[in-house]
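K.L.:
A single structure is presented below for examination.
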Amino acid sequence: MSAVLFLLIATFLLAAYLWWGFRFLPAERWQIFATVPGRKNGPGSWQGINFTWYGLLTANAYLVAVAVLLVLLGSVGVPPLGTALLAAALLCCCVPASRLVARIVEKKAHTFTVGGAVFVGIIITPFLISLLNRLVGPQLGFQIPVMAAYAAIAIAYAFGEGLGRLACISFGCCYGKPVPQDSGLLNRLFNGRGFVFQGSTKKVAYAGDMEGVEVIPVQAITAVLYTVCGLLATALFLGAHNAAAFLLATTVTQGWRSFSETMRADYRGAGRISAYQVMGLVGLLYAFAMVWLLGGEVSAPAQLAAGLTSIWSPALILFLQGIWCVIFFYTGRSTVTGATLSFHLHHDRI
């Protein structure tokens with residue numbers, strides 16, 4: 001498959017997925033995916049455990065991100081085992097960091113922050129790669145090129161974060177400010193095009209008191225911007241422009257992360273400049289420093305067919321399914337909503 005055809009197919013699939021999310025997910029019914037009985041309250045009544053669309057959509061985003069990473073690194077000769085070890089190491093560090101950083105910045109124990117997890121990932125990636133290359137690379141017969149891997153990770157993140165914004169829409173988090181009712185630029189851009197969230201259990205309702213209020217669709221802007229950026233950076237990567245691909249993906253994602261805070265209404269920590277804005281800018285400077293240090297690294301030209309072929313194995317498919325399940329159960333089990341279930345017989349059907 002040629003790179004152009006691959007990117008065209010990806011563009012079509014991403015556009016359809018995002019359209020569906022923007023169209024339906026702000027509605028109330030798209031927050032809880034399933035509820036299962038937990039502790040029994042009394043005769044015929046149970047406490048329910050809610051599993052959310054947030055978790056399902058987040059798991060989808062992680063799955064796509066890891067699959068993209070496998071394809072891109074496979075295209076430059078990194079075997080699937082090496083990529084899987086790198087992905088697992090990153091997830092083991094970044095997934096817990098998403099909750100830890102939110103607890104430190106927002107003082108909340110039951111929430112996640114992608115921004116904090118990404119900042120941790122940007123900082124630790126070159127060290128993790130060097131560690132893998134030294135400890136297990138010689139034994140397993142692989143060496144991961146740092147600049148190519150950095151670029152592939154940045155691209156995978158752009159796709160994962162972009163698609164992950166659908167999870168934010170379903171939960172009503174990361175929400176924008178109300179669309180201004182004046183005649184200014186924001187009104188002209190977003191009046192009639194914003195999100196109107198429904199449901200008292202969505203975060204925009206219970207934390208922002210804006211159920212039924214048209215708000216700036218920050219999540220949608222982020223999703224479109226990041227996925228387009230991911231597609232362009234993928235084209236650069238497949239053209240062997242690793243440093244340019246890394247800088248494009250990192251500059252757009254971290255730059256927009258810092259700027260988009262000015263349009264968000266959810267709590268981002270104390271101060272006029274939030275900790276997440278600082279993390280985004282520091283991460284961006286760190287990325288430029290890494291390119292200056294690693295930009296001269298030479299890696300094999302990308303072979304897309306080899307990358308696509310490398311993931312078509314039962315072991316890797318099971319690995320991807322395992323990642324999906326872990327992320328779904330980690331992020332999808334709601335700790336801020338509850339449910340009460342009752343069961344009964346249809347006596348006329350016995």
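The values are calculated or read from the model by the stated rules, or taken from the named source; none is laboratory data. Everything numeric in this text was worked out from a predicted model, so none of it was measured. Cβ atoms come from the backbone with ideal geometry, glycine included; neighbour counts cover every protein chain shown.
K.L.:
Among (1) surrounded by fewer than 16 Cβ atoms within 10 Å (Cβ to Cβ); (2) touching a helix residue (DSSP H, G or I) at 6+ places or on another chain (Cβ under 8 Å); (3) polar (S, T, N, Q), where does Gln198 come up short?
P.N.:
Only one criterion in (1) surrounded by fewer than 16 Cβ atoms within 10 Å (Cβ to Cβ); (2) touching a helix residue (DSSP H, G or I) at 6+ places or on another chain (Cβ under 8 Å); (3) polar (S, T, N, Q) is unmet by Gln198, namely (1).
K.L.:
Here's a follow-up. Quick one: is Leu189 closer than 25 Å to Gly82 by Cα, free of Cβ contacts under 8 Å to residues at least 12 places away in the same chain and not aromatic (Phe, Trp, Tyr)?
P.N.:
no
K.L.:
Can you tell me which condition Ala275 does not meet? The list is (1) touching a Gly at 6+ places or on another chain (Cβ under 7 Å); (2) exposed (fewer than 13 other Cβ atoms within 10 Å of the Cβ), and all the others hold.
P.N.:
Here Ala275 clears every test but (2).
K.L.:
Additional query: Please state which of the following conditions Cys174 fails to meet, knowing it meets all the rest: (1) assigned to a loop (DSSP other than H, G, I, E, B); (2) free of Cβ contacts under 8 Å to residues at least 12 places away in the same chain.
P.N.:
Of everything listed in (1) assigned to a loop (DSSP other than H, G, I, E, B); (2) free of Cβ contacts under 8 Å to residues at least 12 places away in the same chain, Cys174 misses just condition (2).
K.L.:
Can you tell me which of Leu13, Leu73, Leu81, Leu8 is surrounded by fewer than 19 Cβ atoms within 10 Å (Cβ to Cβ) and within 18 Å of Ser313 (Cα to Cα)?
P.N.:
Numbers: Leu13 fails: within 18 Å of Ser313 (Cα to Cα); Leu73 fails: surrounded by fewer than 19 Cβ atoms within 10 Å (Cβ to Cβ); Leu8 fails: within 18 Å of Ser313 (Cα to Cα).
Of Leu13, Leu73, Leu81, Leu8, the one residue that is surrounded by fewer than 19 Cβ atoms within 10 Å (Cβ to Cβ) and within 18 Å of Ser313 (Cα to Cα) is Leu81.
K.L.:
Those residues that are at pLDDT below 90 and assigned to a loop (DSSP other than H, G, I, E, B), I need them from segment 180-208; list them, please.
P.N.:
First, the residues of segment 180-208 that are at pLDDT below 90: 180-193, 207-208.
If the condition is that a residue be at pLDDT below 90 and assigned to a loop (DSSP other than H, G, I, E, B), then Pro180, Gln181, Asp182, Ser183, Gly184, Asn191, Gly192, Arg193, Ala207, Gly208 are the ones that fit.
K.L.:
Ok, one more. When you check Ala102 against the structure, is it at pLDDT below 95, of a type in the set (Gly, Ala, Ser) and under 15 Å from the mean Cα position of the chain (by Cα), yes or no? Write out each step before concluding.
P.N.:
On the way: at pLDDT below 95: yes; of a type in the set (Gly, Ala, Ser): yes; under 15 Å from the mean Cα position of the chain (by Cα): no.
In short, no.
K.L.:
Here's a follow-up. Tell me yes or no: at least one residue of segment 316-331 is surrounded by 15 or more Cβ atoms within 10 Å (Cβ to Cβ) and not in a helix (DSSP H, G or I).
P.N.:
Scanning segment 316-331 turns up no residue that is surrounded by 15 or more Cβ atoms within 10 Å (Cβ to Cβ) and not in a helix (DSSP H, G or I).
K.L.:
Check segment 319-332 and report whether any residue there is touching a strand residue (DSSP E or B) at 6+ places or on another chain (Cβ under 7 Å) and on the phi < 0 side of the Ramachandran plot. Write out each step before concluding.
P.N.:
Of all residues in segment 319-332, those touching a strand residue (DSSP E or B) at 6+ places or on another chain (Cβ under 7 Å) come to 332.
When the remaining residues are screened for being on the phi < 0 side of the Ramachandran plot, the result is 332.
Within segment 319-332, one or more residues are touching a strand residue (DSSP E or B) at 6+ places or on another chain (Cβ under 7 Å) and on the phi < 0 side of the Ramachandran plot.
K.L.:
Next question, about the same structure. Take the residues in segment 23-54 that are part of a helix (DSSP H, G or I) and not hydrophobic (A, V, I, L, M, F, W, C); name whichever of them is farthest from Phe195 (Cα to Cα).
P.N.:
Tyr54
K.L.:
For segment 211-254, give me the residue count where each residue is in a loop (DSSP other than H, G, I, E, B), surrounded by 22 or more Cβ atoms within 10 Å (Cβ to Cβ) and among the aliphatic types (A, V, I, L, M). Working first, answer last.
P.N.:
Just the residues of segment 211-254 that are in a loop (DSSP other than H, G, I, E, B), to begin with: 211-213, 216-217, 239-241.
If we keep only those that are surrounded by 22 or more Cβ atoms within 10 Å (Cβ to Cβ) too, we end up with 216-217.
With the extra rule that they be among the aliphatic types (A, V, I, L, M), the set shrinks to 216.
Number of matching residues: 1.
K.L.:
So the check is Cβ under 7 Å with 6+ separation or different chains; which pairs have a first residue in segment 231-244 that's β-branched (Val, Ile, Thr) and a second one that's assigned to a helix (DSSP H, G or I)?
P.N.:
Going by the 7 Å Cβ cut-off, the qualifying pairs are Thr234/Leu7; Thr234/Ile155.
K.L.:
Another question about this same structure. Taking segment 55-82 on its own, how many of its residues are in contact with a Ser or Thr (Cβ under 8 Å, 6 or more places away or on another chain), modelled with pLDDT under 90 and part of a helix (DSSP H, G or I)?
P.N.:
1
K.L.:
Out of the residues in segment 258-293 that are of a type in the set (D, E, K, R) and at pLDDT below 85, which is nearest to Gly162 (Cα to Cα)?
P.N.:
Kept after step one, since they are of a type in the set (D, E, K, R), are these residues of segment 258-293: 261, 264, 266, 268, 272.
Next cut, at pLDDT below 85 only: 261, 266, 268, 272.
Details: Glu261: 16, Asp266: 19, Arg268: 19, Arg272: 26 Å.
The qualifying residue nearest to Gly162 (Cα to Cα) is Glu261.
K.L.:
How about segment 141-169: which of its residues are more than 13 Å from Leu247 (Cα to Cα) and touching a Pro at 6+ places or on another chain (Cβ under 8 Å)?
P.N.:
Within segment 141-169, Gly141, Phe142, Val146, Ile169 meet the criteria.
K.L.:
Would you confirm whether any residue within segment 35-51 is in contact with a helix residue (DSSP H, G or I) (Cβ under 8 Å, 6 or more places away or on another chain), surrounded by 17 or more Cβ atoms within 10 Å (Cβ to Cβ) and closer than 25 Å to Leu225 by Cβ?
P.N.:
Pass one, segment 35-51, residues in contact with a helix residue (DSSP H, G or I) (Cβ under 8 Å, 6 or more places away or on another chain): 51.
Retained after the next criterion (residues that are surrounded by 17 or more Cβ atoms within 10 Å (Cβ to Cβ)): 51.
Add one more test, that the residue is closer than 25 Å to Leu225 by Cβ, and what stays is none.
No, segment 35-51 contains no residue that is in contact with a helix residue (DSSP H, G or I) (Cβ under 8 Å, 6 or more places away or on another chain), surrounded by 17 or more Cβ atoms within 10 Å (Cβ to Cβ) and closer than 25 Å to Leu225 by Cβ.
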